[in-house]
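The values are calculated or read from the model by the stated rules, or taken from the named source; none is laboratory data. This is a predicted model, so every value here is computed, not measured. Here the Cβ positions follow ideal geometry from the backbone for every residue, glycine too, while neighbour counts run over all protein chains shown.
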Amino acid sequence: MNFNLTQIPERNLKPRISGLTMVMDKGLSTEEARNFLSVSHPHVDIVKLGFGTSFVTPNLREKLEIYRSYDIPVYFGGTLFEAFLIRNQFADYIEVCRDFGVEYVEVSDGSITIPHAEKCGYIEKLAKIGKVLSEVGSKDATHIIPPYKWIELMSAELKAGSSYVIAEAREAGNVGIYRGSGEVREGLVQEILTQIPGEKIIWEAPQKAQQLYFIELLGANVNLGNIAPTEVLPLETMRLGLRGDTFHLFLDKANGK
């Protein structure tokens, strides 16, 4: 940090296993990626190339190398995994990941229906070649999953080999753990946390109010995902109580005070 301030909550150091900020890159150019990382790299843990953007991104290898130069892992969005799967190209997906040196993979079923035992089978296979992030929840706003089912699915996927489970919200933050208005389904979140360790969940939280909710609930080192590149520094200040929304949250609580 650039100067000393007391009563700042302790942030886990990189490489972190909790307190992650997962950024969604929906189409940054190589120069934009360089500029983004020049100011934000200390606060970025993982980058997702959203949905199927990696298929149409020019200079993809160069872009991946930019992220690697900052020791930031990149993975292709879960929608791309599903696009390969529905075309019976799972083996091709593995080869693409290997070819591009992508060691993190996302397994999701937000756009297609996959029997859960089969999904866990994919997780088991992919966990042998990389680190798996599996997404739970549907992109269909009309498909409401009861809390006990979220817990059951998350538990099974962690047992199958997922390093983290991602709580679905879409890039807009209006499905899954959120209502259509973007409001957090608080009862659902709190029930999930009775059975699933918080450090094993990445909460997709693209909206500021959603980020604030989870920081207030779980503290500065909550795992948050689908963060826009321009929101990384604002989010980090919110984590540290240096933004109006959390200004008083950590005073007299940090550093054991």
ask   = If you go through the range 53-83 one residue at a time, how many are surrounded by fewer than 19 Cβ atoms within 10 Å (Cβ to Cβ), part of a helix (DSSP H, G or I) and of a type outside the set (Val, Ile, Thr)?
value = 8
request  = Take PHE3 and decide whether it is touching a Gly at 6+ places or on another chain (Cβ under 9 Å), modelled with pLDDT under 95 and part of a loop (DSSP other than H, G, I, E, B).
outcome  = no
remark   = By residue number, the members of the range 238-257 that are outside any loop (DSSP other than H, G, I, E, B), surrounded by 15 or more Cβ atoms within 10 Å (Cβ to Cβ) and at pLDDT 95 or above are MET238, ARG239, ASP245, THR246
ask   = Can you spot a residue in the range 88-95 that is on the phi < 0 side of the Ramachandran plot, exposed (fewer than 15 other Cβ atoms within 10 Å of the Cβ), in a helix (DSSP H, G or I) and within 21 Å of the chain's Cα centre (by Cα)?
value = no
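Counting only residues that are small (Gly, Ala, Ser) and touching a residue at least 40 places away in the same chain (Cβ under 8 Å), which one in the range 199-237 is surrounded by the fewest Cβ atoms within 10 Å (Cβ to Cβ)?
That would be ALA228.
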query = Can you pull out the residues in the range 179-236 that are of a type outside the set (A, V, I, L, M, F, W, C), more than 16 Å from the chain's Cα centre (by Cα), at pLDDT 95 or above and in a loop (DSSP other than H, G, I, E, B)?
reply = THR194, GLN195, GLY219
remark   = Residue count, the range 97-110, condition surrounded by fewer than 16 Cβ atoms within 10 Å (Cβ to Cβ) and in contact (Cβ under 8 Å) with a residue 12 or more places away in the chain, comes to 4
request  = Please give the number of the condition GLY101 fails out of (1) part of a loop (DSSP other than H, G, I, E, B); (2) in contact with a strand residue (DSSP E or B) (Cβ under 7 Å, 6 or more places away or on another chain).
outcome  = (2)
